[in-house]
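**Q** Here you go, one structure.
The values are calculated or read from the model by the stated rules, or taken from the named source; none is laboratory data. Owing to the predicted nature of the structure, the values given are computational and were not obtained by experimental measurement. FYI the Cβ positions are ideal-geometry reconstructions off the backbone, even for glycines, and counts take in every protein chain you see.
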Amino acid sequence: MEHLPIACSLSATELPVRREQMAALGRDALLRARVESAHAELRFAAERGIHARVLAFAAAESECCAFLTMRVDAVPGAVVLSIDAPEGAEPVLCELVEAFTPRQAPATERRAGR
C-alpha cells in the first residue's frame with residue numbers, strides 16, 4: 001500500500017478561500033461533527049443544495065489532501081461526510097473538522113481511541 005505524504009497542496013492564497021467555504025457550509029447546514037481517533041463524521045442538514053456542496057468539497061479536498069479518505073452518504077434528513085485519516089494525521093483531521101464548526105454551533109465531539 002502506497003503511503004501518501006501528510007500534506008496539503010493548497011497555496012497560501014487558496015487555503016483561506018477553502019477555509020471560508022468550509023465555514024460557510026458549516027454555518028449553513030452542520031448538524032453535528034464527531035471525531036474519534038482517525039475517523040470523523042460530519043452530519044449536514046439535507047437542505048436544498050447541501051448534498052452537492054458536500055460532494056464538491058469532498059472532491060476538491062481529495063485533490064489537495066490525498067492522504068485523507070472521504071465518503072459522502074445521503075441518509076434520511078442528513079448528508080453525512082465521513083473522513084478517515086492515516087496514523088499520524090489525527091491533528092490534521094481535527095483541524096479540518098474544526099474549520100466547519102461555526103463559533104456558536106454545537107461543540108465538536110472528540111474521543112480518544114476506538
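**Q** Residues to consider are Arg53, Arg71; find the one that is modelled with pLDDT of 95 or more and not in a helix (DSSP H, G or I). Let's see the steps before the verdict.
**A** Details: Arg53 fails: not in a helix (DSSP H, G or I).
Answer to the check: Arg71.
**Q** Being closer than 13 Å to Gln21 by Cβ and either among the small types (Gly, Ala, Ser) or without any contact (Cβ under 8 Å) to a residue 24 or more places away in the chain (or both), is that true of even one residue in the range 60-72?
**A** yes
**Q** Among the residues of the range 59-68, how many are surrounded by fewer than 18 Cβ atoms within 10 Å (Cβ to Cβ) and either assigned to a strand (DSSP E or B) or touching a strand residue (DSSP E or B) at 6+ places or on another chain (Cβ under 9 Å) (or both)?
**A** Selection size over the range 59-68: 2.
**Q** When you scan the range 40-49, how many residues do you find that are touching a Leu at 6+ places or on another chain (Cβ under 8 Å) and either under 12 Å from Asp84 (Cα atoms) or surrounded by 15 or more Cβ atoms within 10 Å (Cβ to Cβ) (or both)? I'd like the intermediate steps shown before the answer.
**A** If we filter the range 40-49 for residues that are touching a Leu at 6+ places or on another chain (Cβ under 8 Å), which is where we start, we get 40-45.
Now restrict to residues that are either under 12 Å from Asp84 (Cα atoms) or surrounded by 15 or more Cβ atoms within 10 Å (Cβ to Cβ) (or both): 40-44.
The total comes to 5.
**Q** Do you know which of the residues in the range 1-48 that are among the aliphatic types (A, V, I, L, M), closer than 15 Å to Val92 by Cβ and part of a helix (DSSP H, G or I) is modelled with the lowest pLDDT?
**A** Checked the range 1-48; the qualifying residue modelled with the lowest pLDDT is Leu15.
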